[in-house]
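Asks: Quick one: the structure is below, and I'll ask about it shortly.
Just so it is clear, none of the values below were taken in a lab; they were calculated from the coordinates. These numbers come from a predicted model, not from an experiment. We place every Cβ from the backbone using ideal geometry, glycine too, and count neighbours over all the protein chains shown.
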Amino acid sequence: MWHAIIGYWGGVLPSSKMMEKYNPKIAYPIQSPGNIGNLRDIAVDSWEKYGVGIIDPEKILHFYNDLHGYLARSGVDGVMVDVQNILETLGKGYGGRVSLTRQYQLVLEESVAKNFKDNNLICCMSHNSDSIYSAVARASEDFMPKEPTFQTVHIASVAFNSLLLGEIVVPDWDMFHSNHSTAEFHGAARALGGCAVHQQAGFT
């Protein structure tokens, strides 16, 4: 099951009665000049302008335990935790990015170990230096089923990325659709790449 490290893409809603016990507040990401000079991203730019709902680091274990416990009771056997690099931009007021990321990562791993018997955790958007030392991490851009020309580029880039990332994590090559016209290609590539193949229930 997918969730962002801060709950959802833009975090949680601080005004929600259900969220009160986690003491969330709106925080405004601060992008580094190097990041801005390299690539502008509409999502991060909008978060910088409008803010994200971040959970108090002192309450994040409680939040993850509640979320993961609910998911485990519902039959979910693991989580893919996305948007991990956002913590790098939210360190102001929390002791800096390293301190904030450490607090979140430690309790994330604790909650996953407690709630999912096989310790199933995939980290995504976790290539910043504070987050990359995780067991399984995405090594690719997203699988894009409606972009026929991206299929070979996806496999080539993830294979090359895995040469580097494979030294410190188990590379995850992202999901693919089993009924897609390139499904056999993607399945074979993942088998040769030695990475996991994930199964999820279909959507109706």
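Asks: Excluding the sites themselves, what is the longest stretch of the chain that contains no trypsin sites (Lys or Arg not before Pro) in a DSSP loop with at most 12 other C-beta atoms within 10 Å?
Replies: The segment 41-116 is the longest one with no such site.
Asks: Relative contact order for the stretch 63-204 using alpha-carbon pairs under 8 Å, separation at least 6, rounded to a whole percent? Show your work: numbers first, answer last.
Replies: Working: 170 pairs, mean separation 27.2, N = 142.
Relative contact order here is 19 percent.
Asks: Something else about it: Let me know the volume per residue of the alpha-carbon convex hull for the stretch 1-85, in Å³.
Replies: Hull volume over Cα atoms, normalised by residue count, gives 102 Å³.
Asks: Further, regarding this structure: Restricting to Cα pairs below 8 Å that are 6+ residues apart, what does the relative contact order work out to for the stretch 1-69? Please round to a whole percent.
Replies: Values: 68 pairs, mean separation 28.2, N = 69.
So the answer I get is 41 percent.
Asks: To the nearest 20 Debye, how big is the dipole of the chain about its Cα centre, given +1 on the beta carbon of each Lys and Arg and -1 on that of each Asp and Glu?
Replies: Values: 15 positive and 21 negative charges, 95 e Å.
Approximately 460 debye in magnitude.
Asks: The chain: D in µm²/s via Stokes-Einstein (Kirkwood Rh, Cα pairs, 10 °C, 1.306 mPa s)?
Replies: This corresponds to a translational diffusion coefficient of 88 µm²/s.
Asks: For Ala137, which sequence-distant residues (separation of 5 or more, or a different chain) have an amide H within less than 5 Å of its own amide H, given hydrogens modelled in the peptide plane?
Replies: Cys123, Val170, Asp172
Asks: Shifting gears a bit: Taking springs between alpha-carbon atoms closer than 10 angstrom, which of Asn128, Asn119, Asn179 fluctuates most in the Gaussian network model of the chain?
Replies: Asn179
Asks: Here's a follow-up. With +1 on each Lys and Arg Cβ and -1 on each Asp and Glu Cβ, and nothing else charged, work out how big the dipole of the stretch 1-95 is about its Cα centre, in Debye to the nearest 20.
Replies: Dipole magnitude for the stretch 1-95 comes out near 240 debye.
Asks: Could you check which residue among Val98, Val83, Val107 shows the biggest mean-square fluctuation in a GNM of the chain with a 10 Å Cα cutoff?
Replies: Fluctuation is largest for Val98.
Asks: Right, something else. Amide H neighbours of Met80 under 5 Å, at least 5 residues apart or on other chains, H built in the peptide plane: list them.
Replies: The answer is Trp2, His3, Ile122.
Asks: Still on this structure, please answer the following. Residue-wise, which Karplus ³J(HN,Hα) couplings in Hz belong to the stretch 22-37, taking 6.51 cos²θ - 1.76 cosθ + 1.60, θ = phi - 60°, and x for glycine or proline?
Replies: For the stretch 22-37, the Karplus-derived couplings read 9, 6, x, 8, 7, 10, 10, x, 10, 7, 6, x, x, 5, 5, x Hz, x marking Gly and Pro.
Asks: Right, another one. DSSP beta bridges in the chain, what fraction antiparallel, as a percent rounded to 5?
Replies: Of the beta bridges lying entirely in the chain, close to 25 percent run antiparallel.
Asks: Per-residue HN-Hα couplings for the stretch 96-108, Karplus 6.51 cos²θ - 1.76 cosθ + 1.60 at θ = phi - 60°, whole Hz, x for Gly and Pro?
Replies: Those phi angles translate into x, 5, 5, 4, 5, 4, 4, 4, 5, 5, 4, 6, 4 Hz.
Asks: Just in the stretch 137-189: which GluC sites (Glu not before Pro) are loop by DSSP and have at most 14 other Cβ atoms within 10 Å?
Replies: Answer in residue order: Glu141, Glu167.
Asks: Is there a pair in Lys92/Lys114; Lys25/Lys59; Lys25/Lys49; Lys17/Lys92; Lys59/Lys114; Lys25/Lys114 whose C-alpha atoms are over 22 Å apart, and which pairs would that be?
Replies: The answer is Lys92/Lys114; Lys17/Lys92; Lys25/Lys114.
Asks: Can you work out ³J(HN,Hα) from phi for every residue in the stretch 59-69, in order, using Karplus 6.51 cos²θ - 1.76 cosθ + 1.60 and θ = phi - 60°, giving whole Hz and x for Gly and Pro?
Replies: Residue by residue, the stretch 59-69 yields 10, 5, 4, 4, 4, 4, 4, 5, 5, 5, x Hz.
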